[in-house]
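Structure first, commentary second.
What follows is calculated from the coordinates using simple rules that are stated; it is not laboratory data. All values reported here derive from a predicted model rather than from experimental measurement. Reconstructed Cβ throughout: ideal geometry from the backbone, glycine too, with neighbour counts over all protein chains shown.
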């Protein structure tokens with residue numbers, strides 16, 4: 001986790017304090033529109049899977065939620081996100 005932005009490290013630290021069933025499944029780094037972003041896979045499909053930039057600004061949820069289609073803010077994420085790298089996953 002050494003190369004992660006501090007705010008992303010802080011988010012991960014807060015995830016570690018949650019009960020296993022409430023904890024996100026993983027944090028994945030992608031390149032999206034030329035910038036590093038962090039995709040947080042939530043513990044249940046009914047929650048939005050959130051994407052943040054390096055400063056922890058919320059960019060949107062490309063998927064998840066009751067419809068499975070996210071919040072509509074990143075409709076091209078699945079097509080344009082590249083360089084997938086899992087940066088955190090809870091130990092089981």
Global form of the chain, assessed from the alpha-carbon gyration tensor, a/c cut-off 1.5:
oblate
Antiparallel DSSP bridges in the chain: what percent, to the nearest 5?
95
Could the peptides 54-62, 81-89 be put in order, highest first, of the mean number of other beta-carbon atoms found within 10 Å of their residues?
54-62, 81-89
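Can you give the % of DSSP beta bridges in the stretch 21-70 that are antiparallel, to the nearest 5?
Working: 15 of 16 bridges.
Within the stretch 21-70, antiparallel bridges account for around 95 percent of the total.
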If each of residue 18 and residue 47 carries a label point 7 Å out from its Cα toward its Cβ, how far apart are those two points in nm?
0.2
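Once you keep just the Cα pairs under 8 angstrom separated by 6 or more residues, what percentage relative contact order results for the chain? Intermediate values should be presented prior to the final figure.
Values: 173 pairs, mean separation 25.1, N = 92.
Once normalised by length, the contact order is 27 percent.
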Working out 0.36 nm times the residue gap between residue 10 and residue 57, then minus their Cα-Cα distance, what length gain in nm do you get to one decimal?
15.6 nm
Efficiency by 1/(1 + (r/R0)^6): what FRET value for residue 67 and residue 26, r their Cβ-Cβ distance, R0 = 22 Å, to the nearest 0.05?
0.50
By its C-alpha gyration tensor, with a ≥ b ≥ c as the square roots of the eigenvalues, how is the stretch 51-92 shaped: rounded for a/c under 1.5, else prolate for a/b larger than b/c, else oblate?
prolate
